[in-house]
Structures are given as C-alpha cells and as structure tokens.
Amino acid sequence: MTAPLLMIPGPIEVSPAVQEAFCVPPPSHVSPKVIEAFGLALERMREVWGASAASQPFVVAGSGTIAMEMAVVNVVAPGQRAVVVDTGYFSARMAEMLRRRGAQVTMVGAPVGQAPALEEVEAALAAGGCKALFATHVDTSTGVRVDPEALAAAARRHGALSIFDGVCATAAEAFWMERWGADIYLTSSQKAIGLPAGLALMVASPEAMAARRELGAEVPMSVDFLEWLPIMTAYQERRPSYFSTPATNLILALAVSLGELLASRVGELTGMAACFERHRRAAAAMRQGWAAMGLELLPEGGLAASSLSAVCYPQGVGPELTREIAARGVIVAGGLYKGLQSTYFRVGHMGHTTTRPDDLRRTLEAIEGALIACGHPIEAGVAVAAFNAAPTW
Ligand SMILES: *Cc1c(COP(=O)(O)O)cnc(C)c1O
C-alpha cells in the first residue's frame with residue numbers, strides 16, 4: 001500500500017531533496033557542511049521573506065510557539081501596551097503570551113471566519129502608547145488570512161512595531177517584509193517552509209533590533225536576540241560558533257528547502273512571486289473542488305487563505321468524515337476553533353504538494369469518496385472535474 005498523504009496544516013509532506021538532506025548521521029554544529037548550510041540558509045531567508053540586507057534572520061531550535069515567545073519578549077517590556085488582531089486560536093495564544101509578559105493587551109476581534117476592519121485596528125492603535133501590533137497572517141484554526149501590508153502601514157502611522165505570526169503562511173502567502181515595512185515575521189519549519197518540525201525561524205527589521213536594544217527589561221536567555229545575534233553573524237561569515245546547539249540535521253535541510261522555494265517558476269514569474277502564485281492557484285483549484293461537492297468554507301469570501309482550507313461539514317455529516325478520508329489514504333485535520341471543532345475540518349495545501357497537482361486530486365478524490373460513504377448526495381468525479389477546470393500552474 002502507498003504511504004498515506006499528509007494533508008494537515010503542518011507537518012506537511014516534504015520534498016525528496018529535503019528528506020535526503022536531513023537523513024544523514026548527525027553532523028557537528030561546527031562541521032564545514034553545517035557552517036556553509038547555516039550561512040546559506042540565513043542569506044536565503046532574507047530572500048524568502050522579502051527582507052532587506054539590514055534585517056536580521058534568526059534560526060533557533062524550537063517550534064512556532066517558541067518563535068512567537070521570542071518575538072514577544074524581545075520587543076515588549078512589562079507594562080507596555082500591545083494590540084492583537086484576533087482571528088482565532090493562535091491570536092489568543094499570542095495575547096496570553098503578552099499578558100504573561102506583563103503587557104497591557106488590547107484585542108481587536110471579529111466574528112469567527114471574519115477579520116476586524118482596518119478602522120477598528122487603527123482606533124485601538126490611536127488610543128496611544130502602543131509598542132507593537134500583533135497579527136496572525138493566516139489563522140490555522142479558521143483559515144482566515146489578514147492583510148499584513150495594510151496592518152504594517154497602520155502600525156507605522158501610529159509609531160508601533162508590527163509583528164506577524166506567519167507559521168501557517170510564510171512561503172505560501174504573499175509577504176514582502178521590506179516593501180511592506182513589517183518588523184518581525186516568524187514561522188516554524190514544519191509548515192509551508194517544508195521541513196520536519198524542530199526549527200523556530202524569524203526575520204527582524206532594524207527597528208525591531210533597535211527595540212530590543214532599548215527594551216529596558218530582561219529577556220529570557222535562551223530566546224534573547226542579543227545572545228543569538230553573534231551566532232547568526234558568525235554563521236553568516238562562515239565561522240564556527242556556539243551558544244546552544246542548533247538542530248544540525250534540520251539546518252542542512254533548511255538550506256535545501258529555501259533553495260527550492262526560491263527556484264519556483266510559474267509562467268513568467270520566478271522566485272517567491274512564483275511560489276506565492278502557485279499556492280494561490282492551488283488553493284483556487286481546491287476551492288473549485290469544495291464548491292462542486294456543495295461544501296462551504298469557514299472564512300468569508302476573500303479572506304480564505306491559500307495555505308489551507310477550513311471546510312464546513314455538510315448537513316448530516318460530522319467528524320466521522322475525517323476517519324473515512326483516512327481510510328482512503330489521506331490524512332486531514334479536524335476543527336480547532338473552540339466550540340466549533342465538530343462543525344468543520346481542515347486541509348493543508350502548502351509546500352511540496354502544491355508542486356504535485358496529482359496529490360491534490362488524490363486528496364479531493366478521498367474526500368469525495370468519504371462524503372459519499374457518509375451519505376452526502378454527490379456524484380463521484382465532480383470534485384476532480386472541477387479541479388481540472390481551474391487555471392493550471
Ligand atoms: C502551527 C501554528 C503555531 C504553533 O506552531 P508550533 O510549532 O505547533 O508551536 C502558531 N501559529 C500558527 C499560525 C500556527 O499555524
């Protein structure tokens with residue numbers, strides 16, 4: 001039997017070249033191969049993030065949650081004000097981290113499946129004295145995407161830094177850090193970056209680095225920008241260095257996965273523009289499939305992400321559907337938003353599988369077969385036919 005296809009919003013399927021890169025005996029953190037891969041990965045991160053030469057990438061062993069914590073404690077001191085754009089599960093986590101940091105947190109929310117209007121965010125920023133604006137680029141619990149360009153500009157207008165949790169978005173959704181004036185964009189390795197779990201990744205703007213220097217509060221040592229800065233500088237200059245052991249196998253694979261992202265081509269487009277467009281078209285083709293099966297999405301209209309779909313169960317069908325889908329060789333995820341878990345399921349379509357339309361067809365086929373088995377009245381073949389009618393890439 002072929003291995004099941006992992007179509008959850010992270011961890012995701014990885015490319016053969018990435019797998020080959022990390023499936024080696026553990027190398028030393030000061031081996032020439034790791035030093036070269038680390039330096040290359042830092043250079044490539046700036047390109048993938050659309051960040052300036054003056055920005056600072058960080059690669060630290062950890063998870064998305066650790067990356068979030070690192071961002072919070074390096075730019076916000078106890079007593080300072082922060083505004084959080086609340087679009088679901090992970091925005092709530094960010095707000096809780098800020099509270100534990102001793103920050104005064106203002107949440108700007110919206111009903112499930114929606115994002116707050118820019119004017120409401122502006123009003124919260126205008127209340128004054130706000131150190132930083134936090135937003136989840138794509139909330140993995142709802143599939144809602146915000147507009148980081150508009151939010152970063154709003155933060156700037158009010159003298160606040162802008163920090164984006166890109167854990168379910170980075171490398172799948174358009175993001176141009178320098179052009180948009182964002183200050184921190186963070187992610188982890190197991191989502192659209194296309195590696196196994198184990199790395200916390202982020203790029204900080206010069207303004208974010210200055211904010212750390214002027215923080216006037218202690219930062220926990222293991223996540224302090226200023227502890228890690230000399231390490232990143234050393235690897236960039238291809239010198240060995242040590243503060244805390246990096247995840248060496250993953251560093252080798254990171255250089256490869258970032259290289260693959262930058263080698264993307266779609267029509268006339270190259271690099272990250274092509275990578276974002278490939279995800280946009282893959283998501284649009286998947287949405288054709290959902291519509292053909294009579295399924296609705298949790299996010300409203302234009303807010304649906306490219307990296308995943310949060311799909312509502314149709315009438316008469318519930319969480320048993322995900323088991324029926326798994327029985328057909330495809331793993332999808334259940335609902336995550338508190339109180340609504342049993343009303344929808346989630347399908348990741350980011351990274352390597354977006355280069356393999358056959359994997360996406362196989363996913364739709366499995367879901368269609370499972371729906372029919374659960375009594376949903378549709379005809380076999382409608383989802384793939386609709387997928388095939390969408391623009392290709
Ligand atoms: C997955 C995810 C996280 C948490 O990442 P972990 O690696 O599980 O800690 C945070 N934010 C978003 C948007 C995510 O999708």
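Semi-axes of the equivalent ellipsoid of the chain are 34, 26, 17 Å, computed as sqrt(5λ) over the eigenvalues of the C-alpha gyration tensor in descending order. Length available on full extension from Thr65 to Glu237: 0.36 nm per residue minus the Cα-Cα distance, which gives 59.1 nm.
Summarise the accessible area of the range 248-393 (1.4 Å probe, protein heavy atoms) by the percent that is carbon and sulfur. Accessible surface attributable to carbon and sulfur in the range 248-393 totals 51 percent.
Note down the Stokes-Einstein diffusion coefficient of the range 183-325 in µm²/s, whole number, using a Kirkwood radius over alpha carbon pairs, 20 °C, and 1.002 mPa s. Display every interim value, and only then the final one.
Numbers: Rh = 19.0 Å.
Answer, rounded: 113 µm²/s.
Surface analysis of the range 118-197 yields an accessible area of 27 Å² per residue, using protein heavy atoms and a 1.4 Å probe. A Stokes-Einstein calculation at 25 °C with viscosity 0.890 mPa s, built on the Kirkwood radius of the range 308-393 over Cα pairs, returns a diffusion coefficient of 182 µm²/s. With the gyration tensor restricted to C-alpha atoms of the range 199-267, the semi-axes of the equivalent ellipsoid amount to 27, 17, 11 Å, longest first. Annotation: per residue accessible area for the range 245-363 equals 39 Å², rounded to a whole number [probe 1.4 Å, protein chains only].
Pairwise inverse Cα distances across the range 25-161, averaged and inverted, put the Kirkwood hydrodynamic radius at 16.6 Å.
Counting every C-alpha pair in the range 264-304, the share spaced more than 12 angstrom apart comes to 64%.
Each of Val30, Leu215, Pro78 was placed along the dipole of the chain (beta-carbon charges, centred on the mean Cα), and the one lying farthest toward the positive end is Val30. Straightening the chain between Glu320 and Gln104 buys 73.6 nm, computed as 0.36 nm per residue apart minus the Cα-Cα spacing.
Kindly state, as a whole number, the per residue volume in cubic angstrom of the convex hull around the alpha carbon atoms of the range 126-186.
On the way: hull volume 4.9 nm³, N = 61.
Measuring per residue, one finds 80 Å³ for the Cα hull of the range 126-186.
Rounded, prolate or oblate: pick one for the range 245-365, where a ≥ b ≥ c are the square roots of the eigenvalues of its C-alpha gyration tensor, a/c under 1.5 means rounded, and failing that, prolate if a/b is larger than b/c, else oblate. Prolate.
How high is the relative contact order of the range 294-379? Use alpha-carbon pairs under 8 Å, at least six apart in sequence, and give a whole percent. 31 percent.
Relative contact order of the range 101-222, taken over Cα pairs closer than 8 Å and 6 or more residues apart, is 17 percent. Bridging of Lys338 to aspartates and glutamates at a Cα separation below 16 Å is possible for Asp86, Glu96, Asp139, once same-chain residues fewer than 8 apart are set aside. For the chain, modelled as a Gaussian network with Cα springs under 10 Å, which listed residue fluctuates most, Ser241, Ser306, Ser188? Sorting by GNM fluctuation, first place goes to Ser241.
Only Cα pairs under 8 Å and 6+ residues apart enter the sum, and on that basis the relative contact order of the chain stands at 23 percent. Label-to-label distance for Ala197 and Leu262 is 2.9 nm, based on points extended 7 Å past Cα in the beta-carbon direction. Projecting the alpha carbon convex hull of the range 184-230 along each direction and taking the average yields 3.9 nm². A convex hull fitted around the alpha carbon atoms of the range 70-223 yields 102 Å³ per residue.
The values are calculated or read from the model by the stated rules, or taken from the named source; none is laboratory data. Treat the numbers as computed from the prediction; the structure is a model and nothing was measured. Ideal geometry is used to build each Cβ from the backbone, glycine not excepted, and the neighbour counts take in all protein chains shown. Ligands, DNA and RNA are excluded from the accessible area calculation, which covers all protein heavy atoms including side chains. Shrake-Rupley method; radii C 1.70, N 1.55, O 1.52, S 1.80 Å.
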